[in-house]
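Take a look at the structure below.
The values are calculated or read from the model by the stated rules, or taken from the named source; none is laboratory data. The structure presented is a predicted model; accordingly, all values stated were derived computationally and were not measured. So basically every Cβ, Gly included, is an ideal-geometry build from the backbone, and we count neighbours across all protein chains shown.
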Amino acid sequence: MRTGTIIARGGNDSHYELRGIGGGSKPRQFHQHVLQFYVTSFVLLNDSLDAERSSFWNTRGWTYQEKIMSCRALVFAKNAVTWRCQRNAWREDLTGDTEGVECPQPKIASFDLFVPYSWPNLFQWMYVIQKYNRRNLSFEGDRLAAVTGIGSTLSTSFVGDLYYGLPRLFFDNSLLCQPNSPVNRRVGDSEDMQEYLPS
């Protein structure tokens, strides 16, 4: 059973090493901006969510599942580390909650957490696919495989499973979905089109 995911969000490829973990790794260069006032000082928070959204990691298709389906994630960015779970998020520049304090559930949209409903929710599936379709893959033929984990999680609520990424239960409605912006037809990279997600 998976207990957590280590996410290497810094850099532009898989060769970018984790920073600040010892053993010869490069140190993190974490900077805090402090505002000094007459009797006190304030620390300005870095916008870690904005940094995540603009990262190269956030554009890749294969990383979408690990982003929204990780129950717990230790996220290594270029210069900071964040711990996220389904109840809260902790950052290096913030102090943690004391023991026994109830943490409110984060909004799904703000944390991009995937919590499947107990009933077939077509709007949730459309939201997931819309976000996923904005991502890039090195091989277009991987498009269906890279979202299969999310589909298998939804299979408990969608009777009949998914057919090429479309819920069989809502197959007729799914065919009527329209893109929000102009799209290009996807072309597979191999002759075998059995496991391919159509446009």
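Key figures for this structure:
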read-out	value
Subset of the range 58-89 [over 12 Å from the mean Cα position of the chain (by Cα) and more than 21 Å from residue 28 (Cβ to Cβ)]	85, 86, 87, 88
Output for the range 103-119, where each listed residue is at pLDDT 55 or above and not hydrophobic (A, V, I, L, M, F, W, C)	112, 116, 117, 118
Residue list for the range 129-181, filter: closer than 16 Å to residue 60 by Cβ, in contact with a strand residue (DSSP E or B) (Cβ under 7 Å, 6 or more places away or on another chain) and not in a loop (DSSP other than H, G, I, E, B)	136
Hey, residue 122 modelled with pLDDT of 55 or more, more than 17 Å from the chain's Cα centre (by Cα) and among the hydrophobic types (A, V, I, L, M, F, W, C) or not	yes
Any hit, the range 5-15, residues being in the same structural domain as residue 84 (by TED's automatic domain parsing), over 20 Å from the mean Cα position of the chain (by Cα), surrounded by 13 or more Cβ atoms within 10 Å (Cβ to Cβ) and not aliphatic (A, V, I, L, M)	no
